[in-house]
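Here the structure is laid out as structure tokens; the discussion comes afterwards.
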There are 2 protein chains.
Amino acid sequence: MNIGQAAKASNVTAKMIRYYESIGLITAPIRTQANYRVYANEDVHALRFVKRARNLGFSIEEVRELLALWRDKSRASADVKSVAMKHVQDLETKIAELQAMARTLSHLARTCHGDGRPDCPILADLADPAASLAPVPGKPKRKARQEADCACHEDATLPA
Amino acid sequence: MNIGQAAKASNVTAKMIRYYESIGLITAPIRTQANYRVYANEDVHALRFVKRARNLGFSIEEVRELLALWRDKSRASADVKSVAMKHVQDLETKIAELQAMARTLSHLARTCHGDGRPDCPILADLADPAASLAPVPGKPKRKARQEADCACHEDATLPA
DNA sequence: CTTGACCTTCCCATTATGGGAAGGAGCATA
DNA sequence: TATGCTCCTTCCCATAATGGGAAGGTCAAG
């Protein structure tokens, strides 16, 4: 099987197959005399594995670990599970960050007229988040919960 | 103010300040005779604006638009709002993708013993998602809702 | 033998950020 | 003044994963 056929069969582009080979993620296949790569069904299987893992958000290095575990018939499932669980944690961290951003922005957008006037709480917040701390003076207790909910006045994320 | 001081005041590294200048995101400041950059308070203000927008997940190009709107005193708030709303949508799309991944993986991890045995549904799924469609034959109706909920057997994401 | 589809390698671009080298500038202290 | 420390300058490289495209070789069908 040529690289193009392997690409179709695995849903991994030829470009990426070559790349994965170059970084040692997958093993280099044999070549024809014309230097064409020749893939076996097993190789396609591995490529699909990689594809699936990438779709689940694993980094290349994590995929490398998973592939090693997959090949190691005497692995402990605990090792696989810990890789997966750590990734779930990473995902959840990222989700929380994005949600904080979305909440803040949604809140700001809600308070923006969105018409022809230049007045804009969104720009005001970007220019000076502290100044938008008290957009409506008075009755702070009623808003307490909502403000906590939108986290508008924090940095939304603490990037690593 | 030197670049180091501007960096501290804006919480943007000197490295990034130079970069933002190089791509025309911020205007080049005047220089001393020794070629040192000299920043005014306004510049720091703009840098804080950029920082805040970046923290909210806007791309550099989006920040560029927002800065232009900020400087344009006759902007329409609708224009700002639309940039913000589009970004909220992007964030929500991304969140949904990550959640789909997390759901799938959590489900797989839950079904994995996580002990010394090599048996592992996680690897099994990576190797062949279709095969893990019916891990427990029979009573499919009872699982219908749960399966829909975890999306395990779809690609989890449809990357752009 | 030509044509078109495929393969090869190699280089470049992307996004946003950091690291680090080599050399100049500014300031304080011995 | 000379030494030294901290800051500044520019320039190059690296990251993560992927795509684009050029230049040139190969294969199969007509």
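The values are calculated or read from the model by the stated rules, or taken from the named source; none is laboratory data. None of these values were measured; they are calculated from a predicted model. With ideal geometry, Cβ positions are generated from the backbone for all residues, glycine too; neighbour counts draw on all protein chains shown. The area values use the complete protein model at the heavy-atom level, side chains included, leaving out ligands, DNA and RNA. Shrake-Rupley method; radii C 1.70, N 1.55, O 1.52, S 1.80 Å.
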Revision key, fill the gap. Result of the Cβ filter at 7 Å on the range A:1-20, keeping first residues that are without any contact (Cβ under 8 Å) to a residue 60 or more places away in the chain and partners that are within 9 Å of DNA strand C (Cβ to nearest atom) and open to solvent by 70 Å² or more (accessible area, probe 1.4 Å), at least 6 apart or interchain, is A:2/A:36
Study note, to complete from the structure: Taking the range A:82-97 and keeping residues aliphatic (A, V, I, L, M) and within 7 Å of chain B (Cβ to nearest Cβ) leaves A:84, A:85, A:88, A:91, A:95
**Study point:** Selection from the range B:2-27 of residues that are more than 10 Å from DNA strand C (Cβ to nearest atom) and surrounded by fewer than 17 Cβ atoms within 10 Å (Cβ to Cβ)
**Key:** B:4, B:5, B:8, B:9, B:11, B:21, B:24, B:27
**Study point:** Qualifying position, being in a helix (DSSP H, G or I), out of contact with any helix residue (DSSP H, G or I) (no Cβ under 9 Å at 6 or more places or on another chain) and closer than 23 Å to residue B:6 by Cα, among B:78, B:68
**Key:** B:68
Check your understanding: Quick check: is even one residue across the range A:71-81 more than 12 Å from DNA strand D (Cβ to nearest atom), open to solvent by less than 40 Å² (accessible area, probe 1.4 Å), within 12 Å of chain B (Cβ to nearest Cβ) and not small (Gly, Ala, Ser)?
Key -> yes
Practice item. Return yes when residue A:65 is over 20 Å from residue B:118 (Cα atoms), open to solvent by 20 Å² or more (accessible area, probe 1.4 Å) and more than 13 Å from DNA strand C (Cβ to nearest atom) and no when it is not. Key: no
Revision key, fill the gap. Note on residue A:100: of the conditions (1) at the interface with chain B (Cβ under 7 Å from one of its Cβ atoms); (2) surrounded by 21 or more Cβ atoms within 10 Å (Cβ to Cβ), unmet is (1)
Exercise for review: State all residues of the range B:1-59 that are of a type in the set (D, E, K, R) and either assigned to a helix (DSSP H, G or I) or more than 9 Å from DNA strand D (Cβ to nearest atom) (or both); if no residue qualifies, say none.
Suggested key: B:8, B:15, B:18, B:21, B:42, B:43, B:48, B:51, B:52, B:54
Point to revise | Among (1) over 18 Å from the mean Cα position of the chain (by Cα); (2) away from DNA strand C (no atom under 16 Å from the Cβ); (3) modelled with pLDDT of 95 or more; (4) open to solvent by 30 Å² or more (accessible area, probe 1.4 Å) - the single one residue B:117 does not satisfy | key: (3)
Exercise for review: Filter the range B:28-52 for residues that are more than 10 Å from DNA strand C (Cβ to nearest atom) and surrounded by 18 or more Cβ atoms within 10 Å (Cβ to Cβ) and give the result.
Suggested key: B:37, B:39, B:43, B:44, B:46, B:47, B:48, B:49, B:52
